[in-house]
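Q: Just passing along the structure, written as structure tokens.
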Amino acid sequence: MKAMEKSTDSSFVSRRRLLTTGAAVGAGAVVGVSLDRALASTPETVVSLHGAERIAFHGKHQAGIATEPAAQVSFLAFDLADGSDKSTLVRLMRLTSNSAARLTQGDPALADTEPELARKPSRLTVTFGFGPRFIKLAGGVAPSWLKPLPSFSTDELQDQWSGGDFVVQVSAEDPVAVSHAVRVLSKDIRSFGTLRWRQDGFRHAASTVKTGTTMRNLFGQVDGTVNPIPGTKEFSAAVWADKGWWAGGTSLVLRRIAMDLDTWDPVSRLGREEAMGRRLSNGAPLTGTREHDEPDLEAKDALGLEVIAPYAHIRRAQTDDPTQVIFRRPYNYDIAPSGDSTSNSGLLFASFQADVDHQFVPIQQRLAELDMLNEWTTAIGSAVFVIPPGCEPGGFIGDSLLG
Amino acid sequence: MNVSRPFRLVATLALAASFVLAGCSDDQKSDKADHTHDQVEIHVSDAWVKAADSGMTAAFATLENDSEKALTITKVTSDASSDTQLHETVTAADHSSMMQEVKDGFTLEPDRMLMLEPGGNHIMLMDLKKPLLPGDEVTFTLHFDDGSAQDFTAVVKEFEGANESYESHGKKH
Ligand code: HEM
Ligand SMILES: [Cu+2]
């Protein structure tokens, strides 16, 4: 951590910068408050309810990937019962696709015991994925990358957050909608297998920030700036597979990454920004002023040191190879701590890419070798799934494998 | 239960709205096998069957009469059971309820909906030919008093609701 205590002193920021960043130190805190007041007194002209908003379930791709992330997510992984075969899996996918198609459109599931809870889907999406054993039981061909990730030196993986035969990602703006969908789907699935893990996450609530605003993680960082944009050619090339029965689908890598807020606490703002290579205020690279400014990895400071440090997360994560891009769709988690700890928080690091081996692994390999962020982050869970393409009305998710 | 026209209109409008908003067709409402016989005048939706390993179970759906004339469902047949009956649930003064066969069938006036639901009217499958597992599909045929018939498909779901035990209850028929 020595390298981080460079002497560029951040406490001599001009008053002007304090005003714009609202940094919460000393006088800055006061400024921050009055700014907040000023904002709060601006009359809200548009009040819109999200309850009735719906995202189509059917289509070429499953929803919940290219669709704008909603505030709440639950990932559930199941172990399938021994003796399951292709016909079992057809029944499973017919049932769960049917429930998902109905619930996402605000219609109660068949045999829904709490139909009133289905009426406000609030952008509910349900996304299904298969682990290696699912494909094996189905007697199908698995993508070559469908296997546990290689182990990385920085991993401290726990079984309770890793693996699984069948994954369901349920997401909506309203936690009640998520809870109901999880309940309905869990009842559909219970005769086929058992819950292996459930991981719940969140982002800013709907209407808290403008749609499209990059989220913040619990380190306070703007997280998701450099990411393929859904609908672009770059996104399609990075995310959607083009061969096999999973063409039109993709892969999900879900890493549960603990973020140690207790050891992050003593790190100065400067140190935090250096670890990332970006500013906390707005996510701009240390060589720029706005979030989406291109980082200048060559830039040197007065001492001849790289402005974006050799160990900065963005230097290590970035790549010049346009085929090595992943689509990150992370969520925060924050659950009850145990022992002496005062926090148990981190990231549900979900990333989607057409080919895990070619796209995800090299990035993770570089980060494991060197990344200042590793000081405070630890991967404690890991799972890889193939995400089948979407289905048409009358079909079910996975029908190109099981049909 | 027969639901009156205004209710149905509201429901239909809501469906139309969901179609527009979602930009996605509303498949779950119309079962694929709806149109196998010629004179299709009943719209069947939300059809499902309670999973059971053997013995009896029940099927539920929403039936809408889209025609101009009253139609009576005199009989239902199914590939899952050789004895399929139309049942109603009657509640006694002591609040106990009992199912019994509707010998005259269900009559659906034009523009009316008939809800077959747990705790109410339902289709009873006696003596299952084989276990009905969650996610299986069961085909039913509705037979009408004018001699016409219509198929629909129902998906099998696990169900614990409404304290229904068709197994023991059914034996009293
Ligand atoms: C808790 C762990 C992590 C945190 C807090 C974190 C946070 C961040 C932040 C704040 C940025 C800069 C803004 C942005 O472009 O989004 C970033 C960039 C990035 N991160 Fe992470 N990250 C973590 C783990 C990972 C992992 C495990 C991977 C992949 C294996 C990864 C891949 C990337 C990539 C590809 C970029 C964009 C790099 C660029 O081209 O500029 N990150 N991350
Ligand atoms: Cu009965």
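The values are calculated or read from the model by the stated rules, or taken from the named source; none is laboratory data. On a predicted model such as this, the values are computed, not experimentally measured, just so you know. Backbone-built Cβ (ideal geometry, glycine too); neighbour counts: all protein chains shown. Keep in mind that these areas ignore ligands, DNA and RNA; they rest on the heavy atoms of the full protein, side chains included. Shrake-Rupley method; radii C 1.70, N 1.55, O 1.52, S 1.80 Å.
Q: For chain A, what relative contact order do you get, as a whole percent, if you take Cα pairs closer than 8 Å and at least 6 residues apart?
A: 23
Q: Once label points are set 7 Å from the Cα along Cα→Cβ at both A:Asp82 and A:Glu294, what is their separation, rounded to one decimal in nm?
A: 5.9
Q: Sticking with this one: Give the longest segment of chain A that steers clear of GluC sites (Glu not before Pro) in DSSP loops with at most 11 neighbouring Cβ atoms within 10 Å, not counting the sites themselves.
A: A:157-297
Q: Among A:Val141, A:Ala100, A:Phe130, whose Cα sits farthest toward the positive end of the charge dipole of the range A:39-165 (+1 at Cβ of Lys/Arg, -1 at Cβ of Asp/Glu, about the Cα centre)?
A: Working it through, the farthest residue towards the positive pole turns out to be A:Val141.
Q: In this model, which of A:Lys210/B:Lys157; A:Lys187/B:Lys69; A:Lys233/A:Lys300; A:Lys60/A:Lys210; B:Lys103/B:Lys129 are farther than 32 Å apart at the alpha-carbon?
A: Those over the limit are A:Lys210/B:Lys157; A:Lys187/B:Lys69; A:Lys233/A:Lys300.
Q: For A:Lys243, go through the aspartates and glutamates and keep the ones whose alpha-carbon is under 14 Å away, minus same-chain ones fewer than eight residues off.
A: Cross-link targets: A:Asp355.
Q: Run the dipole for the range A:72-402 about the Cα centre, Lys and Arg Cβ at +1, Asp and Glu Cβ at -1, nothing else charged, and hand back the magnitude in debye, nearest 20.
A: 940
Q: Then there's this: Nearest 100 Å² is fine: what is the total accessible surface buried where chains A and B meet, probe 1.4 Å?
A: 2000
Q: P(r) of the range A:193-284 in 5 Å steps, Cα pairs, percent per bin?
A: 2, 9, 14, 16, 17, 18, 11, 8, 3, 1, 0
Q: How much accessible area per residue does the range B:97-152 have, in Å², with a 1.4 Å probe?
A: About 41 Å² of surface per residue is accessible.
Q: Tally Lys and Arg at +1 and Asp and Glu at -1 over the other residues with C-beta under 12 Å from the C-beta of A:Leu149: what net charge comes out?
A: Every neighbour counted, the sum reads 0.
Q: Which value in Å does the Kirkwood hydrodynamic radius of chain A take, with 1/r averaged over all unlike C-alpha pairs and then inverted?
A: Over chain A, the inverse of the mean reciprocal pair distance is 22.6 Å.
Q: Tell me the label-point distance for the pair A:Asp262, A:Val141, using the 7 Å Cα-to-Cβ offset, in nm and rounded to one decimal.
A: For the pair A:Asp262/A:Val141, the computed spacing is 5.1 nm.
Q: Here is a follow-up. Using just the helices of chain A, give the 222 nm mean residue ellipticity in deg cm²/dmol: DSSP H runs with n ≥ 4 each add -39,500 (n - 2.57), and the total is spread over all residues, rounded to 500.
A: About -7000 deg cm²/dmol.
Q: Which semi-axis lengths, in whole Å and largest first, follow from the square roots of five times the eigenvalues of the Cα gyration tensor of the range B:44-173?
A: Values for the range B:44-173, descending: 22, 18, 13 Å.
Q: What FRET efficiency comes out for the pair A:Ser207/A:Ala302, r = Cβ-Cβ distance, R0 = 30 Å, nearest 0.05?
A: It comes to 0.10.
Q: Then there is this: Under the 0.36 nm per residue contour assumption, what length would be gained going from the current alpha-carbon distance of A:Ala237 and A:Arg190 to full extension?
A: The A:Ala237-A:Arg190 span can extend by a further 13.3 nm.
Q: Based on alpha-carbon positions alone, could you give the equivalent ellipsoid semi-axes of the range A:281-379 from the gyration tensor, as √(5λ), descending, whole Å?
A: 26, 20, 14
Q: Shifting gears a bit: Please identify the trypsin sites (Lys or Arg not before Pro) of the range A:214-299 that satisfy two criteria: DSSP loop assignment and at most 11 other Cβ atoms within 10 Å. Which are they?
A: A:Lys243, A:Arg290
Q: Determine which residues of the range B:71-109 fall in the zone a paramagnetic label at B:Ser148 would reach in this model, i.e. backbone nitrogen under 20 Å from the point 7 Å along Cα→Cβ.
A: Zone members listed by number: B:71-78, B:105-109.
Q: With a 10 Å radius around each residue's Cβ, average the other Cβ atoms per peptide and rank A:320-327, A:90-97, highest first.
A: Per-residue mean Cβ counts within 10 Å order the peptides as A:90-97, A:320-327.
Q: Considering the Cα trace of the range A:219-368, what is its radius of gyration and what is Dmax, both in angstroms?
A: 17.1, 55
Q: Same structure, new question: With a bin width of 5 angstrom, please list the P(r) values of the range A:64-139 as percents of all Cα-Cα pairs, from the 0 bin to the one holding the largest distance.
A: Bin by bin from 0 Å, the calculated values are 3, 13, 20, 21, 18, 14, 9, 2.
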